Every structure is written in C-alpha cells, then in structure tokens.
Amino acid sequence: MLPKHFWEGSDSQGRKRDISATTLDPPLGSGPYRVGRFEAGRFIEYERVKDWWGADLSVSRGQNNFDTVRYEYYRDRDVAFEGFTARNYLFREEFTSRIWATRKSARKRTLARV
C-alpha cells in the first residue's frame, strides 16, 4: 500500500502518476533496503539504506548487514540449474530428482561445495 502523496506526485519522467497504469518506478518505502538496479524479468538489487530509522532498534541488531542484496530470476528451471552449477547464485532448492540423477558431473561439482 502506497500513501496518497506518492500517487499525487510525478514519476521519474516528470509525468503525473496514474494509479491505473503499470510502472517500473521503484515504490516508496520505509524499510532497511531500497530498490537499486534492476532489469524487469532478469534481476533486482536492493541497496541498504545507511541512515535507516530502525537500525538501532533491538529487534534489528545483527540483521540487514549486506550493502546489496540481489535476486536473479530464471524462467526455466534447467537454465537455472546451469546457472547454479556455474556459481551465478548460491542457494537452490531442487524439486526435480531427474536433474540430480542425470547430471552427475554437475552434481559432483555442486555437492563438493554445498
């Protein structure tokens, strides 16, 4: 949910925002991270807000320690597995046993570092 003053303002091109139109403008937020670089359908990076208001709260201590958090998106699970074995990303849940059973060389390399 975004506040009223966000929709009454202007977008990155200086046009009045239209609540019924889609947009790739980063939304207004108040959390420890803000939207940084992104490519629609490929990846998004969140950058840590250095002067975030909640950083000194006791529930926030020891959290939000990364300057940048990046999420990679893969539309195809087989391509995603190749990205994982090439170390393009570090965490993967596997839901298809066929991949682990049929790709032994990739599995050996991957299991050696998991």
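The values are calculated or read from the model by the stated rules, or taken from the named source; none is laboratory data. These numbers were taken from a predicted model, which means no experiment stands behind them. Backbone-built Cβ (ideal geometry, glycine too); neighbour counts: all protein chains shown.
Below, the figures for the structure above:
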item: Condition broken by Gly62, with the remaining ones in (1) in contact with a strand residue (DSSP E or B) (Cβ under 9 Å, 6 or more places away or on another chain); (2) at positive phi satisfied; result: (1)
item: In segment 2-20, residue surrounded by the most Cβ atoms within 10 Å (Cβ to Cβ) [restricted to those that are among the basic types (Lys, Arg) and in a loop (DSSP other than H, G, I, E, B)]; result: Arg17
item: Test: residue in segment 30-45 that is modelled with pLDDT under 95, part of a loop (DSSP other than H, G, I, E, B) and within 24 Å of His5 (Cα to Cα); result: yes
item: Any hit, segment 85-108, residues being modelled with pLDDT under 90, among the acidic types (Asp, Glu), part of a helix (DSSP H, G or I) and not assigned by TED's automatic domain parsing to the domain that holds Arg34; result: no
item: Cβ pairs under 8 Å, 6+ apart, first in segment 85-102 and of a type in the set (S, T, N, Q), second part of a loop (DSSP other than H, G, I, E, B); result: Thr85/Arg103
